[in-house]
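J.: Sending over a structure as structure tokens; questions will come in a sec.
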Amino acid sequence: MAEVVLRAALAAAGLDTRVAVDSAGTGDWHVGDPMNSRARAQLARRGYDGSAHRARQFNDSWFAERDLVLAMDASNLASLRVLAAADAQPRIRLFGEVTDLGAVDVPDPYEGTQAEFARVLDMLESAMPRLVRQLAAAFDDPASLNA
């Protein structure tokens with residue numbers, strides 16, 4: 001869901017051609033699967049299209065290609081830090097730390113209700129304006145992503 005919401009926010013800000021966005025999990029249990037149907041339904045209710053999403057597993061070679069890697073929760077953050085070499089560590093951040101969410105985890109509602117998916121979508125939508133501002137500022141000062 002976060003990838004879809006971020007892509008839309010970047011497009012609205014005119015940054016969609018300047019910022020590459022993708023999504024991947026730290027585990028392999030859903031690789032190749034489409035987005036959870038409840039997540040897709042919540043996105044569709046708000047005008048987003050999650051139909052193209054397919055689950056992937058993060059590969060440690062990707063650190064060299066990415067300026068910022070956001071983990072949605074502390075568990076995924078820890079998993080990414082284990083995979084990363086020392087030079088990539090500063091580029092791995094908790095989503096809630098770089099957005100207006102504070103340091104809270106974004107819960108994974110995978111087994112949850114429609115209401116839980118809606119709550120996560122609320123969190124994502126409220127967080128994206130700050131993330132987009134930070135990404136825009138990074139074009140002037142790339143170090144700002146790691147601040």
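The values are calculated or read from the model by the stated rules, or taken from the named source; none is laboratory data. Please read all numbers here as calculations on a predicted model, not as lab measurements. Neighbour counts run over all protein chains shown; Cβ positions are idealised from the backbone, glycine included.
J.: Which ones in segment 14-50 are more than 29 Å from ALA84 (Cα to Cα), assigned to a loop (DSSP other than H, G, I, E, B) and over 17 Å from the mean Cα position of the chain (by Cα)?
T.: GLY14, ARG46, GLY47
J.: Would a scan of segment 99-109 turn up a residue that is at pLDDT 95 or above, over 13 Å from the mean Cα position of the chain (by Cα) and within 23 Å of ARG7 (Cβ to Cβ)?
T.: Scanning segment 99-109 turns up no residue that is at pLDDT 95 or above, over 13 Å from the mean Cα position of the chain (by Cα) and within 23 Å of ARG7 (Cβ to Cβ).
J.: Ok, one more. If only one of ARG81, ARG66 is in contact (Cβ under 8 Å) with a residue 12 or more places away in the chain, charged (D, E, K, R) and either in contact with a strand residue (DSSP E or B) (Cβ under 7 Å, 6 or more places away or on another chain) or closer than 21 Å to ALA20 by Cα (or both), which one is it?
T.: The match here is ARG66.
J.: Further, regarding this structure: Out of ALA86, ALA52, I need the residue that is more than 28 Å from ALA115 (Cα to Cα), without any contact (Cβ under 8 Å) to a residue 12 or more places away in the chain and of a type outside the set (Ser, Thr, Tyr). Which one?
T.: ALA86
J.: Give segment 91-140 a look and list any residue that's of a type in the set (Gly, Ala, Ser) and either touching a Cys at 6+ places or on another chain (Cβ under 8 Å) or loosely packed, with under 12 Cβ neighbours inside 10 Å (or both), or say none.
T.: Selection gives GLY102, ALA103, ALA115.
J.: In the set ALA88, ALA71, which member is under 17 Å from LEU6 (Cβ atoms), small (Gly, Ala, Ser), surrounded by 16 or more Cβ atoms within 10 Å (Cβ to Cβ) and modelled with pLDDT of 95 or more?
T.: ALA71
J.: On to the next question. Scanning segment 44-66 for residues that are out of contact with any Pro (no Cβ under 7 Å at 6 or more places or on another chain) and charged (D, E, K, R), which turns out surrounded by the fewest Cβ atoms within 10 Å (Cβ to Cβ)?
T.: GLU65
J.: Could you count how many residues in segment 27-43 are free of Cβ contacts under 8 Å to residues at least 60 places away in the same chain and surrounded by fewer than 16 Cβ atoms within 10 Å (Cβ to Cβ)?
T.: 9
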